[in-house]
Amino acid sequence: MADSATPVDPQRESSPSSHAGLQSVQNRAARPETVIIVGGGIGGMAAALALSGLGMSVTLLEQSAEIGEIGAGIQLGPNAFAALDALCVGENARKRAVFTERLVMMDAVDGSEVATFPVGERFRERFGNPYAVIHRADIHKSIHEAVVASPHIRFVTSSRVIDAVDEGGRVCVTDSNGQRYTGDAAIGCDGVKSLIRERLVGDAARVSGHVVYRAVVPVEDMPADLRWNAPAVWAGPDCHLVHYPLRGAQQFNLVVTFHSRETETWGVREGSKDEVLSYFTGIGARPRQLLDRPTSWKRWSTADRDPVESWGDGRLTLLGDAAHPMLQYLAQGACMAIEDAVTLREAVIHCGFDLPAAFRLYQKSRITRTARVVLSAREMGRVYHAKGVERLVRNSLWQGRDPERFYDALEWLYGWRAENCLAV
């Protein structure tokens, strides 16, 4: 298989949701339902787009001064494209994505290939969509372009929400500026440190002790023999590295993860190259050369939360990382948030705009699936970071696996569709 990083366009047209009632809903006059969305990230934008498409009036509160995304690359599985297509923004994302040829795991200790799974034509035929990588800002922009065209969405920036109360028939949201916003419902899309989750669930974060460093480097700074058109994982003892192309393969996303020696506090700060190097002494020269490429790093001390049986109450609910924060090992955080938004829309339609009923159905439809992803991501981190005999067992189990077995194992994840997303 070629190691070129040239994008491969599957030439697939996007298609809107096939829900039988959606077109008739869109053709109705604007409804009186008003929804407040807290958080303008990928999940918040997707939720705003989904609900405004039903004629609902959306007020989106974002604590930053500008609507936008920071960070580096993310991966988009077929389930994400199915959800983006249901929101009619799949082509926006496809224009900015790099379509990968394969997923590959390498042993970072001895440099051997553990497993390669093709994600080309057979994969797209199986799941109806490609596997791609994209810069986080580009996927956000792909949704944002459609959002700004909606007459039903109002943006309020520099609005840090400090309280949200279900007053029975209405919801009141207050920000740190003293502004009060009222609506028929509110959705917390305010990320891993969600204020709305604190009000609804009040559970503690589970700090993993795993630290992630992320950077983006120009293609010319990547080792020529590692410019693969693939998300590549170099699995090492208590650590791993990931690289894949971005933005027409003119950049490469680099991610390194390790088990910290420190007592970690959940958060982000500037990184230290010396710290990174100190954790990767046990890996081979080929992957280790990647650590010299970035000129700056961002350091994330990661956390998730244990899955819960309920994340909503009455006219308040959660979406995306606020509902099910997860570790990065399955590359599904953004994918799950976009799925959430589509499922919430379908629930609103199914329940005839009875928002408390729709929120209950949405939650019922998402709890088990997202919990499975959260728990699977934890286990995948253990697999990546195997050492000693466990590393040898991992390698032996994955080597020689037929692609169809890989596809079968991921049917539950990648086979998601908008038309059957509700638990009814």
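The values are calculated or read from the model by the stated rules, or taken from the named source; none is laboratory data. Keep in mind the model is a prediction, meaning the values are calculated, not measured. Every residue, glycine as well, gets a Cβ built from its backbone with ideal geometry; the counts of neighbours run over all protein chains shown.
Restricting 248, 168 to residues that are more than 26 Å from residue 317 (Cβ to Cβ), among the small types (Gly, Ala, Ser), assigned to a loop (DSSP other than H, G, I, E, B) and over 18 Å from the mean Cα position of the chain (by Cα) narrows the list to 248.
Scanning segment 272-306 for residues that are touching a Leu at 6+ places or on another chain (Cβ under 7 Å) and crowded, with 18+ Cβ neighbours inside 10 Å yields 276, 280, 287, 290, 291, 294, 302, 304.
Among residues of segment 141-157 that are farther than 10 Å from residue 48 by Cα and touching a residue at least 40 places away in the same chain (Cβ under 8 Å), those with a Cβ under 9 angstrom from a residue that is buried (at least 21 other Cβ atoms within 10 Å of the Cβ) and basic (Lys, Arg), sequence gap 6+ or separate chain, pair up as 142/94. Considering (1) at pLDDT 95 or above; (2) in a helix (DSSP H, G or I); (3) hydrophobic (A, V, I, L, M, F, W, C), the lone condition that residue 137 does not fulfil carries the number (1). All conditions in (1) crowded, with 24+ Cβ neighbours inside 10 Å; (2) within 20 Å of residue 101 (Cα to Cα); (3) among the β-branched types (Val, Ile, Thr) hold for residue 242, with the sole exception of (1).
Looking only at residues in segment 255-271 that are in contact (Cβ under 8 Å) with a residue 60 or more places away in the chain and hydrophobic (A, V, I, L, M, F, W, C), the one that is surrounded by the fewest Cβ atoms within 10 Å (Cβ to Cβ) is 266. Might you let me know whether segment 194-207 holds any residue that is touching a Phe, Trp or Tyr at 6+ places or on another chain (Cβ under 9 Å), outside any strand (DSSP E or B) and within 30 Å of residue 279 (Cα to Cα)? Yes, because at least one residue in segment 194-207 is touching a Phe, Trp or Tyr at 6+ places or on another chain (Cβ under 9 Å), outside any strand (DSSP E or B) and within 30 Å of residue 279 (Cα to Cα). Taking segment 327-360 as the range and being part of a helix (DSSP H, G or I), more than 10 Å from the chain's Cα centre (by Cα) and of a type outside the set (A, V, I, L, M) as the test, the residues that pass are 329, 340, 343, 345, 346, 350, 356, 359, 360. The single residue among 170, 122, 126 that is charged (D, E, K, R) and closer than 20 Å to residue 56 by Cα turns out to be 170.
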